[in-house]
Amino acid sequence: MDILKLRNDFPVLRENKELAYLDNAAMALKPDCVINAVNNYYEHYGVNVHRGVYQLSYEATDMYEEARNTIASFINASFEEVVFTRGASQSLNLVASSYGLHNINPGDEVITTELEHHSSNMPWFNVCKVKGATLKYVPLDSEGRITVDAFKSVLSNKTKVVAITYVSNVMGYVTPIKEIIKLAHEVGAIVSLDGAQAVPHMNVDVKDLDCDFLSFSGHKLCGPTGIGVLYGKKELLDNMEPIEFGGDMADTVTKTSQTYKATPYKFEAGTPIIAGAIGLAEACKYLKNIGLDNIAKYEKSLRDKAVSLLKEIDGVTIYNPNAETGIIAFNIDGVHPHDAASVFDDHKVCIRAGHHCAQLITAWLNTIGTVRASFYFYNTEEDIKKFIEGVKAAKDFFSQF
Ligand code: 7TS
């Protein structure tokens, strides 16, 4: 990987040479090829898909459906198994509202964890409340990890759904998901996997994992905002009810009946997110070209270097020193995470502070929030240097008070 060459693909990095962008878990920057693909659609097409009976619309439809093909192959799914959504949150909610509300009954159990982003656990809290089911949490180990043994301790033949993250957006831990999926299937449960922090950073193969659903957002993998994916096994999607109704998803509508198009279209009511899908497909090609294994390895090496430098600074608590991905959660002792973040901003370091929409793990860590630095493939050792200088500056500044 030629990092400096890759960095040159990103207008924001070209225009802000001083910037250390370390908020990649919130959103990844966009390379030229993605911006150009979106612009190309608006500039040369800008028409609706599926409905138009004219050449421009046929071509736009081809581009949109070809995007679905590219994204399907990126995660080793079939074309019909890729539903376009607004993002991971909408995908995760779709599973809960469509599968959950129709398949969960009083007395059933749903398993989730304290490592979830709110978009993963909250929809199932709601399903359990509405349906009289029980939400169970996998006890985390002393490092805050999900282990297979701990998962077994809450799994039972009452378990119907496992709603779980692949990679935590606060701790950066990779869940031992293959074993968990296998165990869940043995008791007849399905697994809704939150891949928002996994798909941009590692090879994810839905067939190999055998997950039932996988949700992720385009914007975290160098794609546009407003586009996401719900992967679902075809036989599950075929048997699920749509939760939004209207244009494009309808088949036949009379005053007394309505039927829907086949999967995936029955879940895509209204004018689709055409430019978003085209941009996301371009992002998938771009990442594939770099190689997801290369990306994972490089990010791990960056975080290991940053953690070892961070450990040398007294008065810093690192919550996930042994994580396997590019996320570091920490606090400067006695400094509110938001106060720390403002000093980082003065040093042109973009990081995130707070609960990161994951209040359960924040409570588990017994803190009000954390400072989070998150790396991507375009980060450099220079960024780490700026980051460490930021930590030292924040520590020095607040030690005056
Ligand atoms: N799941 C995980 C694991 C996430 O990290 C996020 C977003 C979502 C779901 C929701 O994705 P969205 O695109 O629908 O918003 N996480 C973060 C974050 O950590 N900081 O900002 C957004």
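Filtering the range 74-100 to residues that are more than 16 Å from ASP194 (Cα to Cα) and open to solvent by 50 Å² or more (accessible area, probe 1.4 Å) leaves ASN76, PHE79, GLU80. Restricting VAL167, VAL229, VAL187, VAL174 to those that are open to solvent by 20 Å² or more (accessible area, probe 1.4 Å) and within 13 Å of the ligand (Cβ to nearest atom) reduces the list to VAL174. Take LYS17 and decide whether it is open to solvent by 30 Å² or more (accessible area, probe 1.4 Å), away from the ligand (no atom under 16 Å from the Cβ) and part of a loop (DSSP other than H, G, I, E, B). So LYS17 passes the test.
Scanning the range 153-171 for residues that are among the basic types (Lys, Arg) and under 22 Å from VAL206 (Cα atoms) yields one hit, LYS160. Within the range 329-345, none of the residues are under 29 Å from ASN36 (Cβ atoms), surrounded by fewer than 17 Cβ atoms within 10 Å (Cβ to Cβ) and outside the structural domain of VAL138 (by TED's automatic domain parsing). Quick one: which of ILE104, ILE111, ILE71 is within 16 Å of the ligand (Cβ to nearest atom), buried (at least 19 other Cβ atoms within 10 Å of the Cβ) and of a type in the set (Val, Ile, Thr)? Of ILE104, ILE111, ILE71, the one residue that is within 16 Å of the ligand (Cβ to nearest atom), buried (at least 19 other Cβ atoms within 10 Å of the Cβ) and of a type in the set (Val, Ile, Thr) is ILE71. Taking the range 366-385 as the region of interest, how many residues are touching a residue at least 12 places away in the same chain (Cβ under 8 Å) and either assigned to a strand (DSSP E or B) or closer than 17 Å to SER168 by Cβ (or both)? Qualifying residue count, the range 366-385: 9.
Of the residues in the range 41-56, at least one is open to solvent by 20 Å² or more (accessible area, probe 1.4 Å) and closer than 21 Å to LEU230 by Cβ.
When you check LYS261 against the structure, is it open to solvent by 30 Å² or more (accessible area, probe 1.4 Å) and either aromatic (Phe, Trp, Tyr) or not assigned by TED's automatic domain parsing to the domain that holds MET171 (or both), yes or no? I'd like the intermediate steps shown before the answer.
On the way: open to solvent by 30 Å² or more (accessible area, probe 1.4 Å): yes; either aromatic (Phe, Trp, Tyr) or not assigned by TED's automatic domain parsing to the domain that holds MET171 (or both): no.
No.
On the given criteria, is SER120 more than 15 Å from the ligand (Cβ to nearest atom) and either at pLDDT 95 or above or among the acidic types (Asp, Glu) (or both)? Talk me through it step by step, then tell me what you get.
Numbers: more than 15 Å from the ligand (Cβ to nearest atom): no; either at pLDDT 95 or above or among the acidic types (Asp, Glu) (or both): yes.
The answer is no for SER120.
For the condition over 27 Å from GLU116 (Cα atoms) and polar (S, T, N, Q), what is the one hit in THR317, THR367, THR380, THR362? Result of the check over THR317, THR367, THR380, THR362: THR380. Annotation note: Cβ proximity below 6 Å between a residue of the range 25-48 that is in the same structural domain as ASP62 (by TED's automatic domain parsing) and more than 16 Å from the ligand (Cβ to nearest atom) and a residue that is polar (S, T, N, Q) and open to solvent by less than 60 Å² (accessible area, probe 1.4 Å) (sequence gap 6+ or interchain) occurs for VAL47/SER57. Kindly indicate whether PHE79 is more than 20 Å from GLY247 (Cβ to Cβ) and aromatic (Phe, Trp, Tyr). Answer is yes for this residue.
Determine, yes or no, whether GLU312 is within 16 Å of the ligand (Cβ to nearest atom), outside the structural domain of MET171 (by TED's automatic domain parsing) and either in contact (Cβ under 8 Å) with a residue 60 or more places away in the chain or farther than 30 Å from ASN103 by Cα (or both). Spelling it out, it is not the case that GLU312 is within 16 Å of the ligand (Cβ to nearest atom), outside the structural domain of MET171 (by TED's automatic domain parsing) and either in contact (Cβ under 8 Å) with a residue 60 or more places away in the chain or farther than 30 Å from ASN103 by Cα (or both).
The values are calculated or read from the model by the stated rules, or taken from the named source; none is laboratory data. None of these values were measured; they are calculated from a predicted model. Note: ideal-geometry Cβ built from the backbone for every residue, glycine included; neighbour counts use all protein chains shown. Note: accessible area is taken over every heavy atom of the protein model, side chains too, but ligands, DNA and RNA are not part of it. Shrake-Rupley method; radii C 1.70, N 1.55, O 1.52, S 1.80 Å.
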